[in-house]
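**Student:** My structure is below; once you've seen it, I'll send some questions.
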Amino acid sequence: MWSLLLRKLKMGRLTEKNGNSLTPHMASNLPLKFRKSLQIRHLDCGSCNGCDWEMAALGNSLYDHQHFGIDFVASPRHADLLMCTGPGSTQLLNAARETYEAMAKPKWVMAVGDCAINGGVFKGAYATEGGIDGILQVDIKVPGCPPKPDDLIKALLEFMGKR
Ligand code: SF4
């Protein structure tokens, strides 16, 4: 734990501070029907749970994601977007691929937090893939350790063409 903390202090932030990264063609080609509602399946790919707690805050009365037509679903078969947190631990590789495979097309992937984007504090660790980029094609990246719920809701609304 201490070595991780020291490494984090030495490394600093690994990602840009200036907001979300949305693959441009994805934003412009998003079908109109997805601008009204978006169903999300969350997958914890080995996170410390920090990102997951911020993501859970989207459901509180301040952010209230359901007001925007955004909802979390239990089955990937109902999901449009796979939201991944964590660095992509090797134990989760098959689960991540199978979850993605189970989703109907068109489908998108969102990497939440520095870990999901490039491994974050777990970068180089033997049991991780250094982000989910190597496993799945990522369409939206929200940096931060963890990212604020503000950033998450903004990225989702931007993706839906509501901002
Ligand atoms: S980005 Fe930070 S908060 Fe999120 S899973 Fe990694 S270490 Fe935890």
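None of the figures in this text is laboratory data; all of them are computed from the coordinates on show. The shown structure was predicted, so the numbers you read here are calculated from the model rather than taken from an experiment. Heads up, the Cβs are rebuilt from the backbone with ideal geometry, glycines too, and the neighbour counts pull from every protein chain shown.
**Student:** Output the Cα-based Rg and Dmax of region 34-89 in Å, rounding Rg to one decimal and Dmax to a whole number.
**Tutor:** Over region 34-89's Cα set, Rg and Dmax evaluate to 11.7, 33 Å.
**Student:** Report the relative contact order of region 19-159, percent, no decimals, based on alpha-carbon pairs under 8 angstrom and at least 6 residues apart.
**Tutor:** 29 percent
**Student:** Taking a cut-off of 12 Å between Cα atoms, list the aspartates and glutamates near Lys162, but don't count ones fewer than 8 places away on the same chain.
**Tutor:** Correct list for Lys162: empty, as no aspartates and glutamates qualify.
**Student:** For q = 0.10 Å⁻¹, what log10 I(q)/I(0) does region 19-159 give under the Debye formula with an equal point scatterer on each alpha carbon and no solvent?
**Tutor:** -0.29
**Student:** Filter the chymotrypsin sites (Phe, Trp or Tyr not before Pro) in region 72-156 to those in DSSP coil with at most 10 other Cβ atoms within 10 Å of their Cβ, and list the result. Each step should come with its number before you reach the end.
**Tutor:** Numbers: sites: Phe72, Tyr100, Trp108, Phe122, Tyr126; in loops: Tyr126.
Passing sites in region 72-156 are Tyr126.
**Student:** Among Ala56, Ala155, Gly120, pick out the residue whose Cα is farthest towards the positive end of the charge dipole of region 19-159, where Lys and Arg carry +1 and Asp and Glu carry -1 on C-beta, about the Cα centre.
**Tutor:** Ala155
**Student:** From the cross-link list Lys36/Lys148; Lys36/Lys154; Lys36/Lys123, which pairs have alpha carbons spaced over 25 Å apart?
**Tutor:** Numbers: Lys36/Lys148 23 Å; Lys36/Lys154 15 Å; Lys36/Lys123 37 Å.
Beyond 25 Å between Cα atoms: Lys36/Lys123.
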